[in-house]
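Peer 1: Before we start, here is the structure in question, set down as structure tokens.
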2 protein chains.
Amino acid sequence: MARPRSFDPDDVLEIARQVFWQKGFQATSLDEITAASGIAKPSLYAAFGDKHALFLRVLDRYHDGILGWAERTLAQPGPAREAIRQWLTGFIPYCSGEKGQRGCLSINSATDGSLDQAALRKSIERYNRRLEELLRTRLRADRAQFKKGFDPDITAHTVMVVHAGLMALAHQTPDSKQVKAVIEQVMGLLA
Amino acid sequence: MARPRSFDPDDVLEIARQVFWQKGFQATSLDEITAASGIAKPSLYAAFGDKHALFLRVLDRYHDGILGWAERTLAQPGPAREAIRQWLTGFIPYCSGEKGQRGCLSINSATDGSLDQAALRKSIERYNRRLEELLRTRLRADRAQFKKGFDPDITAHTVMVVHAGLMALAHQTPDSKQVKAVIEQVMGLLA
DNA sequence: TTGATTCTGTACCTATAAGTACAGAATAAA
DNA sequence: TTTATTCTGTACTTATAGGTACAGAATCAA
């Protein structure tokens, strides 16, 4: 009953993600997104709203992707240690720039002082809360595998800290051998 | 032989640091700095150069301040464990917002994709290299205090990762009790 | 006091980027 | 085929922010 949309919103979000990831929210202009996607501004505004709303969509999509993968990885059978090692190791591509970007879009956004938008903060907090929850749940379930005095809650948070640190430092040293060594050493806390 | 400067450049850098720290480089306008400092733009440009140069001065100053403190803290007598615990603990005010800002200006800048300026990247890399060097040197010197197989180089890097992670997560959860618990758990790697 | 010199403040220029008005194109229903 | 409806692209408006021209003020040396 009307002219149909000429693009797949998901494709545009994917392209917008790449641009935002590479340059950050502030430094990315809508013109760059229109250039990269081929979609004119009025179409973007009609489909997603303003720049903040578009970024929020991109970020939520990013979060969902990682959460899905984290859920699968941390649900695998076998020792909890192995699951968590794989989880941490899975982020190495984000560190080394193999994905074309450096670091984590979420962490990059969290440390961006300009993003005081409540909705964005909320999305990031929710994401971190969920990731930590996945880690905590798994560590609690397999508590018997660790020695007496092991604290699954604190350990889950520590793993989150290490993860954030790797992502933050990813912007400088893409030495994946060093990253692996750190992960191995941190695994020493899961005993 | 000419009109003297009416302000102390160091004071201005201090004020600029606060503004940049709070809002980030991109989101901070020079007008905000002139408003906060009372110094008009032409004076800023004459004294520091353009916005990037000003930010670089601010960042270098910030780095020097922390490096000086780190040097003193890590040079203290006693067990290396204690020195490093104090070093990590010293960053808690940066985590909890007690300083009015959240997180670390350097990390915030490192994760800001818009800062592709080579000079800035260099300053940040140098800073991280020096911090890690201080940790490494101390751990190597006190190697005898740890058990066989202890690797001071990897441990130094791991401590850097934890530090970066705490600073990155500082933007969300200002629970200093949790931060302390993480530090205590990580100290378990220094044995 | 005078003059050379450098700083300060106002007011401006210019570029960029977010957001939109509007005319025309594409579709589905009638 | 006609028409209602929604999308698309061009071109525009507007605000903001980086940077500067210029006139006048403040200092020190002579």
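The values are calculated or read from the model by the stated rules, or taken from the named source; none is laboratory data. Here the structure is a predicted model, which means the values were calculated and not measured. Methodologically, a virtual Cβ is constructed for each residue, glycine included, from the backbone with ideal geometry; neighbour enumeration extends over all protein chains shown.
Peer 1: Tally time: how many residues in region B:1-48 are more than 14 Å from chain A (Cβ to nearest Cβ) and within 13 Å of DNA strand C (Cβ to nearest atom)?
Peer 2: 28
Peer 1: B:Ala118 fails exactly one of the following numbered conditions: (1) buried (at least 20 other Cβ atoms within 10 Å of the Cβ); (2) away from chain A (no Cβ under 11 Å); (3) closer than 19 Å to B:Gln26 by Cα. What is the number of that condition?
Peer 2: (1)
Peer 1: Now, a different point. Among the listed residues A:Ala70, A:Ala46, which satisfies the condition of being part of a helix (DSSP H, G or I) and either over 19 Å from A:Met160 (Cα atoms) or among the hydroxyl-bearing types (Ser, Thr, Tyr) (or both)?
Peer 2: Values: A:Ala70 fails: either over 19 Å from A:Met160 (Cα atoms) or among the hydroxyl-bearing types (Ser, Thr, Tyr) (or both).
Among A:Ala70, A:Ala46, only A:Ala46 is part of a helix (DSSP H, G or I) and either over 19 Å from A:Met160 (Cα atoms) or among the hydroxyl-bearing types (Ser, Thr, Tyr) (or both).
Peer 1: If the Cβ limit is 6 Å and pairs must be 6+ apart or interchain, which residue in region B:171-191 that is at the interface with another protein chain (Cβ under 9 Å from one of its Cβ atoms) pairs with which residue that is surrounded by fewer than 15 Cβ atoms within 10 Å (Cβ to Cβ)?
Peer 2: Here the result reads B:Gln172/A:Glu125, each pair linking region B:171-191 to a residue that is surrounded by fewer than 15 Cβ atoms within 10 Å (Cβ to Cβ).
Peer 1: Might you let me know whether region B:131-146 holds any residue that is facing another protein chain (nearest Cβ under 9 Å) and either surrounded by fewer than 18 Cβ atoms within 10 Å (Cβ to Cβ) or under 17 Å from B:Arg102 (Cβ atoms) (or both)?
Peer 2: Among the residues of region B:131-146, not one is facing another protein chain (nearest Cβ under 9 Å) and either surrounded by fewer than 18 Cβ atoms within 10 Å (Cβ to Cβ) or under 17 Å from B:Arg102 (Cβ atoms) (or both), which makes the answer no.
Peer 1: Of the numbered conditions (1) among the aliphatic types (A, V, I, L, M); (2) modelled with pLDDT of 95 or more; (3) touching a Leu at 6+ places or on another chain (Cβ under 8 Å), B:Ala75 fails exactly one; give the number of that condition.
Peer 2: Looking at each condition in turn, B:Ala75 falls short on (3).
Peer 1: Inspect region B:151-170 for any residue being over 22 Å from B:Glu71 (Cβ atoms), small (Gly, Ala, Ser) and either within 8 Å of another protein chain (Cβ to nearest Cβ) or in a helix (DSSP H, G or I) (or both) and give the result as yes or no.
Peer 2: Yes, region B:151-170 has at least one match.
Peer 1: Now for a different question. Might you let me know whether region A:56-69 holds any residue that is among the basic types (Lys, Arg) and farther than 25 Å from A:Asp31 by Cα? Full working, then the answer.
Peer 2: Taking region A:56-69 as the starting set, the residues that turn out to be among the basic types (Lys, Arg) are A:57, A:61.
Okay, now just the ones that are also farther than 25 Å from A:Asp31 by Cα, so none.
No: zero hits.
Peer 1: Let me ask something additional. Could you tell me which residue of region A:54-89 is surrounded by the most Cβ atoms within 10 Å (Cβ to Cβ), considering only residues that are more than 30 Å from A:Arg143 (Cα to Cα) and more than 16 Å from DNA strand D (Cβ to nearest atom)?
Peer 2: Ranking the qualifying residues of region A:54-89, first place goes to A:Val58.
Peer 1: Determine which member of the set B:Phe55, B:Phe7 is among the aromatic types (Phe, Trp, Tyr) and either in contact with a Gly (Cβ under 9 Å, 6 or more places away or on another chain) or farther than 24 Å from A:Thr111 by Cβ (or both).
Peer 2: From the options B:Phe55, B:Phe7, the qualifying one is B:Phe7.
Peer 1: Among (1) among the hydrophobic types (A, V, I, L, M, F, W, C); (2) away from DNA strand C (no atom under 14 Å from the Cβ); (3) modelled with pLDDT of 95 or more, which single condition is A:Ala110 missing?
Peer 2: Exception for A:Ala110: condition (3).
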